[in-house]
Amino acid sequence: MSQPLKSVDQHLQDILALAKPLEPFAMPLLEAHGTTLAVDVRSSVALPPWDNSAMDGFAVRAAEIFPERPMEVAGEVAAGDAESSVLPLGKVMRIMTGAPIPEGCDAVIPVEWSREEAGLIFFEKSPAYGAHIRKMGSDINVGDLILTAGTQLNATHIGAAAAIGIDSLITRPHPRVVLISTGDELVEPGLALKHGQIYDANSWLLTTATREAGAIAYRVGAVPDDEEKFMQVLEDQLVRADLIVTSGGVSQGIYDTVKNVLGKLGSVTFESVAMQPGMPQGYGLVGPDSTPIITLPGNPVSAYVSFELFVRPMIKALLGVHDLERPIVDATVVEPLKSPLGKRSFLRGRASFEKGGFVVAPVAGQGSHMLGGLSQANALIIVNEEIESIAAGSQVKVMLLGRN
């Protein structure tokens, strides 16, 4: 009697149970980019640290300025001036964007509002009190929460940290992920194919997907269907891996090397998951440090969909990120869909935002080997297990893959 298929949700839950967020440490700002902040960051300074000019122009007392009234220039204040200055009564001072506001100034007039004649300055109109002055602390005050633990750091986060004088952040590092594809038929791109051979797409596909997920990816490439060679490669790679991902060799064939080798260890489980594509799956722990391993099917589309559903969330969990999965939105499907009863389908689709809502269409070529269709997709259309058909114009759930 065959075992019932395991649900997609349960399989993800079991995989994530193996995830232990990596230990944090202080990293220089550029190295911290893309890692996950482990502690909240509060500012010890105010931004701006002092009142400064938002414009190139003139520092003035607003009450002294009237249209066409001549004013004498008492001096100049430039950005970076270390010494404080004082605006004399009845005079104005030239001031540059970002320069500190002189004592006594309560407005800045843009240079465009002025003209100079015989060494005197005439203004077109009077400024409002406080015009074009950036007040101290108007952006950030001392003690403000700037970055929250669990944030995956992007360029703007790094910029904010630098702006408040921080040169390193306590973060969880990029997970190190080793990618191994298996199969006697696999050949490196660039070499000539013989009869019965195909190019190894999986290791390249999964390595780049791993990088996009925020991990350091080590591409091992294709390993032949030889149990001894596979075991040797696995043992060699464990020293640099926080996670190992394999593709191929997990079905029911006699040459399914990954399953044959890892099945003997007793710490890796192989199961059939109620999904299409990608039903044969495996996961567990290997090596002396109990390194997590996720084994994916060999068909390229099956491997990629499985990566999005299981490996990418695992990488995010190792990073310590709060949002593990891709965003899922409602969309109107423009063509009818078919799906096998009892399995959750992940059809490759092309989604766009039109007239206030998402619209999605399946791409041509839905076979689990069809990389051409996958390369055109920017979304996965989700059809649940109890549904066999969906009419055009219906609402469906769509996982956005984060590319145009």
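The values are calculated or read from the model by the stated rules, or taken from the named source; none is laboratory data. Quick caveat, the model's predicted, so the values are computed rather than measured. Here the Cβ is made from the backbone with ideal geometry for all residues, glycine too, and neighbour counts use every protein chain on show.
Would you be able to tell me the number of residues in the stretch 308-360 that are β-branched (Val, Ile, Thr), crowded, with 19+ Cβ neighbours inside 10 Å and either at positive phi or part of a strand (DSSP E or B) (or both)? Write out each step before concluding.
In the first step, residues of the stretch 308-360 are kept if they are β-branched (Val, Ile, Thr); the result is 311, 315, 321, 328-329, 332-334, 359-360.
Those left that are additionally crowded, with 19+ Cβ neighbours inside 10 Å: 311, 315, 321, 333, 360.
From what is left, the residues that are either at positive phi or part of a strand (DSSP E or B) (or both) are 333, 360.
Of the residues in the stretch 308-360, 2 are β-branched (Val, Ile, Thr), crowded, with 19+ Cβ neighbours inside 10 Å and either at positive phi or part of a strand (DSSP E or B) (or both).
Here are some residues: GLY190, GLY214, GLY150. Which one is small (Gly, Ala, Ser), more than 19 Å from the chain's Cα centre (by Cα) and at positive phi? So that I can check it myself, show each step before the final result.
Numbers: GLY214 fails: more than 19 Å from the chain's Cα centre (by Cα); GLY150 fails: more than 19 Å from the chain's Cα centre (by Cα).
None of the other options fit; the residue is GLY190.
Return a yes/no flag: does the stretch 241-251 have any residue that is surrounded by fewer than 20 Cβ atoms within 10 Å (Cβ to Cβ), in contact (Cβ under 8 Å) with a residue 24 or more places away in the chain and under 15 Å from PRO297 (Cα atoms).
yes
Say we look at the stretch 53-100 and pick out the residues that are more than 49 Å from the chain's Cα centre (by Cα) and charged (D, E, K, R); which of these is nearest to GLU112 (Cα to Cα)?
Across the stretch 53-100, the extreme among qualifying residues is GLU68.
Across the stretch 51-79, what is the number of residues that are surrounded by 13 or more Cβ atoms within 10 Å (Cβ to Cβ) and assigned to a strand (DSSP E or B)?
12
If I filter the stretch 40-50 for residues that are assigned to a loop (DSSP other than H, G, I, E, B), touching a strand residue (DSSP E or B) at 6+ places or on another chain (Cβ under 9 Å), buried (at least 19 other Cβ atoms within 10 Å of the Cβ) and among the hydrophobic types (A, V, I, L, M, F, W, C), do I get at least one hit?
no
Kindly establish whether ILE293 is within 30 Å of GLU235 (Cα to Cα), modelled with pLDDT of 95 or more, buried (at least 21 other Cβ atoms within 10 Å of the Cβ) and hydrophobic (A, V, I, L, M, F, W, C).
Details: within 30 Å of GLU235 (Cα to Cα): yes; modelled with pLDDT of 95 or more: yes; buried (at least 21 other Cβ atoms within 10 Å of the Cβ): yes; hydrophobic (A, V, I, L, M, F, W, C): yes.
Criteria met by ILE293.
Quick one: which of VAL396, VAL360, VAL311, VAL334 is over 29 Å from GLY183 (Cα atoms) and in contact (Cβ under 8 Å) with a residue 60 or more places away in the chain? Before you say what the answer is, go through the steps one by one.
Numbers: VAL360 fails: in contact (Cβ under 8 Å) with a residue 60 or more places away in the chain; VAL311 fails: over 29 Å from GLY183 (Cα atoms); VAL334 fails: in contact (Cβ under 8 Å) with a residue 60 or more places away in the chain.
None of the other options fit; the residue is VAL396.
Return the residues of the stretch 200-240 that are surrounded by fewer than 17 Cβ atoms within 10 Å (Cβ to Cβ) and part of a loop (DSSP other than H, G, I, E, B); say none if nothing qualifies.
Listed by number, the residues that qualify are PRO224, ASP226.
Taking VAL187 as the residue in question, decide whether it is among the β-branched types (Val, Ile, Thr) and in contact with an Asp or Glu (Cβ under 9 Å, 6 or more places away or on another chain). Before the answer, list the steps.
On the way: among the β-branched types (Val, Ile, Thr): yes; in contact with an Asp or Glu (Cβ under 9 Å, 6 or more places away or on another chain): yes.
Yes.
Go through the stretch 272-307 and report how many residues are in a helix (DSSP H, G or I) and either of a type in the set (S, T, N, Q) or touching a His at 6+ places or on another chain (Cβ under 9 Å) (or both). Full working, then the answer.
Within the stretch 272-307, the subset in a helix (DSSP H, G or I) is 300-307.
Among the residues that remain, those that are also either of a type in the set (S, T, N, Q) or touching a His at 6+ places or on another chain (Cβ under 9 Å) (or both) are: 300-302, 306.
Residues that pass the stated criteria total 4.
Restricting to the stretch 340-361, count the residues that are of a type in the set (Ser, Thr, Tyr) and closer than 18 Å to GLN276 by Cα.
Taking the stretch 340-361 and keeping what is of a type in the set (Ser, Thr, Tyr), we get 345, 352.
Filter once more, so that each one left must be closer than 18 Å to GLN276 by Cα: 345.
Counting residues in the stretch 340-361 that are of a type in the set (Ser, Thr, Tyr) and closer than 18 Å to GLN276 by Cα gives 1.
Taking the stretch 80-128, which residues are surrounded by fewer than 16 Cβ atoms within 10 Å (Cβ to Cβ), in contact (Cβ under 8 Å) with a residue 24 or more places away in the chain and of a type in the set (A, V, I, L, M)?
LEU89, LEU120, ALA128, listed by residue number.
Of these, LYS338, LYS355, which one is over 20 Å from ALA201 (Cβ atoms) and at pLDDT below 90?
On the way: LYS338 fails: at pLDDT below 90.
Of LYS338, LYS355, the one residue that is over 20 Å from ALA201 (Cβ atoms) and at pLDDT below 90 is LYS355.
Could you grab me the full set of residues in the stretch 150-173 that are of a type in the set (A, V, I, L, M) and assigned to a loop (DSSP other than H, G, I, E, B)? It would help to see each step written out before you state the result.
Step one: of the stretch 150-173, the residues of a type in the set (A, V, I, L, M) are 153, 155, 158, 160-164, 166, 169-170.
Hits for the stretch 150-173 are LEU153, ILE164, ILE166.
Looking only at the stretch 138-165, count how many residues are of a type in the set (S, T, N, Q), buried (at least 19 other Cβ atoms within 10 Å of the Cβ) and farther than 20 Å from ALA26 by Cβ.
0
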